[in-house]
Amino acid sequence: MLASIGAVVFVVLWSTGFVVARAIAPYADPNLYLLARFSGTALLFACVALIGRAVWPTGRALGKHLLAGALLQGVYLGAGYWAVAQGLSAGVMALLGALQPLLTAAVAAPLFGERLSTRGWAGMALGLAGVALVLEPKLAAASLPAAHGHAPAWLVVTVAIVAVVSITAGTLFQKTSLASADLRSSSAVQNFGAALVAGLLALMLGEHRWIPSPTLWVSLAWGIVMLSGVGLTLLVWLVRRGDASRATALLFLVPPLAALEGYLGFGETLLPTQIAGFVVALIGVLLARS
């Protein structure tokens, strides 16, 4: 019961990341925002860990936690934001992100002995089909960036794929020896690892735009507490206590929910095809997690 509630809360929170990315676009460069977000969450969990006298990872374990956080959030979001900024359709990026549960299931089998049943794989396929239906209007209008003023198309697509591989690796990392670490201190260290990546990308890309506004501060607070704080911690908790493939299958519901939030918050269109896609994705997730 507790896991089911956690799964629902995770999906709803994680889907708002698309709304936050759109909201902060006029006010801050993406990696600068991510640097502030990850740093804030690291500080938040550090305080919680210190108050609770949690055991901190040391030595080689510390390095593993830093790497896991860098992969799970830093590289994934940094690379994904960069690809979209270079002209890759947000719909295409979201569809590539939806491949992550399939990749996780494929890799988890030989690594951890997690094997999906035929019913589970059918659910994965339905989940991906549902996401494709939801994103179909955006995919129809999608185009890769022109050569002038942007990175080459092959590089943009490669970086987007690297982002998906990164979050998959970061997720599977949670099933290793890291699973025995205190969630409070490990979250602090992993968010610090993500902040290091965001800071490095901000420096490399020369990002400096930060225009204070209520929208930016609210988005930053939401990102610190709800996205990187509650949302990501729930994902790590779900992966640690169960199959990684079953936990990440929930990500199929993120694009449909983001489309609904875009409709409610920004007046974006919500077509019958997209509503059907949401239903198909939901059925797929239920099958994959059964």
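Odds and ends about this structure:
- Taken over region 37-56, the criterion of being small (Gly, Ala, Ser) and either free of Cβ contacts under 8 Å to residues at least 40 places away in the same chain or buried (at least 18 other Cβ atoms within 10 Å of the Cβ) (or both) is satisfied by Ser39, Gly40, Ala42, Ala46, Ala49, Ala54.
- When Gly87, Gly74 are checked against the criterion of being in contact with a His (Cβ under 6 Å, 6 or more places away or on another chain) and in contact (Cβ under 8 Å) with a residue 40 or more places away in the chain, a single residue qualifies: Gly87.
- One residue from Leu88, Leu34, Leu77, Leu72 being surrounded by 21 or more Cβ atoms within 10 Å (Cβ to Cβ) and farther than 24 Å from Phe173 by Cα: Leu88
- The condition (being farther than 17 Å from Gly130 by Cβ, hydrophobic (A, V, I, L, M, F, W, C) and either within 19 Å of the chain's Cα centre (by Cα) or at pLDDT below 85 (or both)) is satisfied by just one residue among Phe266, Phe252: Phe266.
- Helices (runs of 4 or more DSSP H) contained in region 1-98 and holding at least 2 residues at pLDDT 85 or above and at negative phi: 2-24, 30-51, 59-69, 76-85
- Some residue of region 104-121 being closer than 25 Å to Thr158 by Cα, surrounded by 22 or more Cβ atoms within 10 Å (Cβ to Cβ) and out of contact with any Ser or Thr (no Cβ under 7 Å at 6 or more places or on another chain): no
The values are calculated or read from the model by the stated rules, or taken from the named source; none is laboratory data. Everything numeric in this text was worked out from a predicted model, so none of it was measured. All Cβ positions, even for glycine, are placed from backbone atoms using ideal geometry, and neighbour counts span all protein chains on display.
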